[in-house]
Amino acid sequence: MKLTEKVPAFLRNNMYAELAKRNLKRQSVRTILAAIGIIIGVIAISSMGILGNSLKLSVTDSFADIGDKLIVSPAPGEDYVTDRQVDQINKVGNIESVIPVIADGEMIEHRKDGIDILLYVSVYDIEKDDLEKLVELEEGRYFKPGSTDCVVGSSVAENLEITPGQKIEIDDTKLRVVGILKERGLGFDINTDSGVFTSSEMYEKLYPDEDEGYDQVIVIVEDIEEIDKVVDEIEERINKKDELVTVFATNSITESLDDVFSSISLFLMGIGSISLLVAGVSILNVMLMSTMERTKEIGIMKAVGASRKDILKMFLLEALFLGVIASTAGAILTIGGSYLVMVLVVKNTSYLLTLSSMFYVMEGFFFGIATSLVGGMYPAWKASRMKPLDALRYE
Amino acid sequence: MQDLHHPIVELQDVKRIYTLGTNRIYALNGVSISIEKGDFVTIMGSSGSGKSTLLNMIGCLDLPTSGKVKVNNVDLSRLDDDGLTAIRRNNIGFIFQQFNLIPTLTAIENVEIPMIFNGASPAKRRKKAIEMLKKADLPLEFAEHKPNEMSGGQQQRVAIARALANEPPILLADEPTGNLDTRTGQNIMKLLKELNSSGTTVIVVTHDPKLEEYSHTTIRIQDGEVVE
């Protein structure tokens with residue numbers, strides 16, 4: 001027999017279930033009030049969980065593809081990463097590529113709708129082959145080595161209203177824009193969106209005095225699992241005597257973000273669980289009241305042959321029913337309510353329908369059931385321990 | 001091996017002492033009785049005589065302070081709560097003055113209750129419940145009625161059917177006519193008499209001398225002692 005047939009059959013044939021159902025109906029107002037307690041608790045727990053989770057997802061989403069990259073930058077007091085150090089990094093195992101970066105900041109003037117605006121851009125000298133590993137083209141092509149051409153990031157193109165073929169002016173030098181990059185979002189390595197990328201020859205022409213070394217080196221590791229090993233090895237090779245470079249693993253950011261948001265979720269759910277605690281106490285109260293009211297019935301049941309286990313089963317089943325029904329209602333209301341909030345306020349429902357959000361709904365659901373069971377346990381135990389004689393005499 | 005000639009209920013020098021503050025109350029003070037299988041016994045006594053305590057002893061609802069109670073040749077003093085429950089379930093059908101039906105259940109479901117605790121299947125217990133309701137002379141159109149939709153006499157018939165459900169050898173009735181008018185009371189007693197003639201041991205506890213005429217044996221109790 002399938003479970004879908006088994007459960008209704010159980011409810012039909014099982015007198016304990018029938019009794020539980022009727023006893024819950026007998027005091028319907030009280031049952032509904034107790035159920036509302038559980039419903040609120042479930043909603044509180046799961047919506048707080050979803051809230052925390054959505055916060056986390058929306059923040060981590062705004063960070064671009066981080067994870068498998070290391071940033072090697074000069075240690076405080078050092079000006080550059082040297083060629084020798086780059087060679088040492090190259091000797092480290094488990095590395096896919098080593099991308100030395102030279103960069104400088106620049107202000108570009110632009111006249112837009114009759115107003116002069118100043119735009120801050122980062123000018124980069126990155127080999128064309130290396131650049132392709134970091135960014136993607138939206139339109140146009142990459143610059144050729146040695147040429148005076150450049151590619152620009154999406155926000156540069158947007159702000160300066162540039163299309164491929166047009167020119168931009170940096171320090172009185174004109175560069176022809178041949179390509180525009182795809183928008184990438186915030187990163188820890190290079191500022192792609194506000195970047196201007198050109199050949200080494202052109203860069204040297206722009207900044208003739210800078211030839212001592214690199215501003216940073218981006219290291220892409222082969223296997224993200226090995227990232228800590230790579231960090232250690234680079235530190236060991238270069239920083240043996242003095243602290244010459246700082247190695248920063250971008251995944252440590254996501255890890256600490258995860259930690260932060262897990263704490264936030266836990267904190268929020270902790271607040272939510274207070275309401276479930278209150279609900280548990282109200283279940284305890286309700287069940288205790290009905291145990292007292294039904295003292296005589298319990299006595300009769302025991303007189304006609306109910307064992308302690310039978311009585312325990314009856315009362316726990318009642319608590320379980322209450323818990324399952326109320327938690328189901330709570331879960332449905334949570335999903336429905338969160339959907340409405342996200343449609344109306346956030347206007348994005350994608351975070352709700354993720355596995356991790358649903359996990360919080362399930363968590364609320366099971367906490368709700370567990371709470372009513374725990375709340376029902378003491379009254380059920382008490383009922384089962386009643387002496388039949390005392391119970392029968394009870395009026 | 002069971003001794004075929006043992007009495008179905010046997011009390012040997014049973015004392016039941018309640019302590020109220022510093023007072024010791026002898027509800028039963030050395031009662032020895034034995035009831036044979038198939039007998040119809042009336043236990044007579046005024047209120048406070050100890051007859052209810054005696055009923056509780058026989059019904060495995062209470063244990064003596066000293067002395068020995070045997071039901072169907074089982075010594076009760078060695079049993080725990082669940083052990084006593086099992087003896088009750090298999091040996092004793094209770095009939096109360098207040099009927100004591102479960103208010104949320106219909107007549108037929110009330111009769112099914114003892115069979116549930118005995119582990120009978122739903123189909124079997126329903127069939128048996130109908131049979132027992134017939135035996136207790138309840139018109140079957142009342143089978144699906146709740147207790148509050150029935151008269152006192154009808155409720156007592158349901159209670160008798162419930163007491164018969166597990167086919168116990170003993171029916172134990174506590175003032176079974178106490179809440180009924182004379183005519184209905186007589187009918188209930190006649191029903192008990194019928195059940196007795198088909199082999200069930202019936203023990204009726206009452207203060208009403210009129211019930212004595214139905215029984216073979218009368219045990220009178222006064223101040224916690226058997227006087228006759």
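The values are calculated or read from the model by the stated rules, or taken from the named source; none is laboratory data. Note that the structure is predicted; figures quoted are calculated from it, not measured. No Cβ is skipped: glycine too gets one built from the backbone with ideal geometry, and neighbour counts run over all protein chains shown. Just so you know, the surface numbers come from the protein's heavy atoms only, side chains and all, with ligands and any DNA or RNA stripped out. Shrake-Rupley method; radii C 1.70, N 1.55, O 1.52, S 1.80 Å.
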Given (1) hydroxyl-bearing (Ser, Thr, Tyr); (2) within 14 Å of another protein chain (Cβ to nearest Cβ); (3) open to solvent by 60 Å² or more (accessible area, probe 1.4 Å), number of the condition A:Tyr339 does not satisfy: (2)
Pair list, Cβ under 8 Å, 6 or more apart: segment A:329-344 residue assigned by TED's automatic domain parsing to the domain that holds A:Met358, other residue surrounded by fewer than 16 Cβ atoms within 10 Å (Cβ to Cβ) and not small (Gly, Ala, Ser): A:Ala331/A:Met362; A:Tyr339/A:Thr349; A:Met342/A:Asn348; A:Met342/A:Thr349; A:Val343/A:Thr349
Residue match in segment A:346-367 (condition: within 14 Å of another protein chain (Cβ to nearest Cβ) and either in a helix (DSSP H, G or I) or closer than 30 Å to A:Leu317 by Cβ (or both)): no
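Would you check if A:Leu276 is within 14 Å of chain B (Cβ to nearest Cβ), over 20 Å from A:Tyr394 (Cα atoms) and either surrounded by 18 or more Cβ atoms within 10 Å (Cβ to Cβ) or free of Cβ contacts under 8 Å to residues at least 24 places away in the same chain (or both)?
So A:Leu276 fails the test.
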All positions within segment B:169-208 that are on the phi < 0 side of the Ramachandran plot, part of a loop (DSSP other than H, G, I, E, B), open to solvent by 10 Å² or more (accessible area, probe 1.4 Å) and not β-branched (Val, Ile, Thr): B:Pro169, B:Gly178, B:Asn179, B:Leu180, B:Asp181, B:Ser198, B:His207, B:Asp208
Any pair with Cβ under 9 angstrom, 6 or more apart, that starts in segment B:187-200 at a residue that is β-branched (Val, Ile, Thr) and ends at one that is part of a helix (DSSP H, G or I): B:Ile188/B:Gly153; B:Ile188/B:Gln156; B:Ile188/B:Arg157; B:Ile188/B:Ile160; B:Thr200/B:Leu164; B:Thr200/B:Leu192
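Condition check ((1) within 23 Å of A:Arg294 (Cα to Cα); (2) open to solvent by 60 Å² or more (accessible area, probe 1.4 Å); (3) facing chain A (nearest Cβ under 10 Å)) across all residues:
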position	(1), (2), (3)
B:Gln12	no, yes, no
B:Arg24	no, yes, no
B:Asn29	no, no, no
B:Gly50	no, no, no
B:Asn72	no, no, no
B:Ala86	yes, no, yes
B:Ala107	yes, no, no
B:Glu112	yes, no, yes
Filter result (part of a strand (DSSP E or B) and open to solvent by 40 Å² or more (accessible area, probe 1.4 Å)) within segment A:131-149: A:Leu137, A:Glu138, A:Glu139, A:Gly140
Residue match in segment A:228-235 (condition: open to solvent by 30 Å² or more (accessible area, probe 1.4 Å) and within 24 Å of the chain's Cα centre (by Cα)): yes
Scope segment A:102-130; condition aliphatic (A, V, I, L, M), farther than 18 Å from A:Thr173 by Cα and either open to solvent by 90 Å² or more (accessible area, probe 1.4 Å) or modelled with pLDDT under 85 (or both); matching residues: A:Ile115, A:Ile117
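In segment A:248-279, what residues are under 30 Å from A:Val217 (Cβ atoms) and either of a type in the set (Lys, Arg) or out of contact with any Leu (no Cβ under 6 Å at 6 or more places or on another chain) (or both)?
A:Phe248, A:Thr250, A:Asn251, A:Ser252, A:Ile253, A:Thr254, A:Glu255, A:Ser256, A:Leu257, A:Asp258, A:Asp259, A:Val260, listed by residue number.
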Set B:Asp82, B:Asp39: member being of a type in the set (D, E, K, R), facing chain A (nearest Cβ under 10 Å) and within 29 Å of B:Ala129 (Cβ to Cβ): B:Asp82
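Condition check: at pLDDT 85 or above and over 29 Å from the mean Cα position of the chain (by Cα). Does A:Ala44 satisfy that?
No.
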Residues that are under 21 Å from B:Leu211 (Cβ atoms) and within 14 Å of chain A (Cβ to nearest Cβ), drawn from segment B:134-155: B:Gln155
First in segment A:76-97 and assigned by TED's automatic domain parsing to the domain that holds A:Asp228, second anywhere and surrounded by fewer than 16 Cβ atoms within 10 Å (Cβ to Cβ) and part of a loop (DSSP other than H, G, I, E, B), Cβ under 7 Å, 6 or more apart: A:Asp79/A:Glu212; A:Tyr80/A:Glu212; A:Asn94/A:Glu222; A:Asn94/A:Asp223; A:Ile95/A:Glu222; A:Glu96/A:Glu222
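Return a yes/no flag: does segment A:55-64 have any residue that is under 30 Å from A:Leu284 (Cβ atoms) and in contact (Cβ under 8 Å) with a residue 60 or more places away in the chain.
Within segment A:55-64, none of the residues are under 30 Å from A:Leu284 (Cβ atoms) and in contact (Cβ under 8 Å) with a residue 60 or more places away in the chain.
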Count of residues meeting criterion [closer than 30 Å to A:Thr254 by Cβ and either touching a Gly at 6+ places or on another chain (Cβ under 8 Å) or open to solvent by less than 10 Å² (accessible area, probe 1.4 Å) (or both)] in segment A:158-182: 3
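Just to check your reading of the model, which residue among A:Met292, A:Met269, A:Met301 is more than 14 Å from chain B (Cβ to nearest Cβ) and within 16 Å of A:Arg393 (Cβ to Cβ)? Steps first, please.
Details: A:Met269 fails: within 16 Å of A:Arg393 (Cβ to Cβ); A:Met301 fails: more than 14 Å from chain B (Cβ to nearest Cβ).
When all the criteria are applied, what remains is A:Met292.
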Every residue from segment B:120-151 that is under 20 Å from B:Gly199 (Cα atoms), assigned to a helix (DSSP H, G or I) and open to solvent by less than 60 Å² (accessible area, probe 1.4 Å): B:Lys128, B:Ala129, B:Met132, B:Leu133
Search result, residues across segment A:302-325 that are open to solvent by less than 10 Å² (accessible area, probe 1.4 Å) and either free of Cβ contacts under 8 Å to residues at least 60 places away in the same chain or among the acidic types (Asp, Glu) (or both): A:Gly305, A:Ala306, A:Glu318
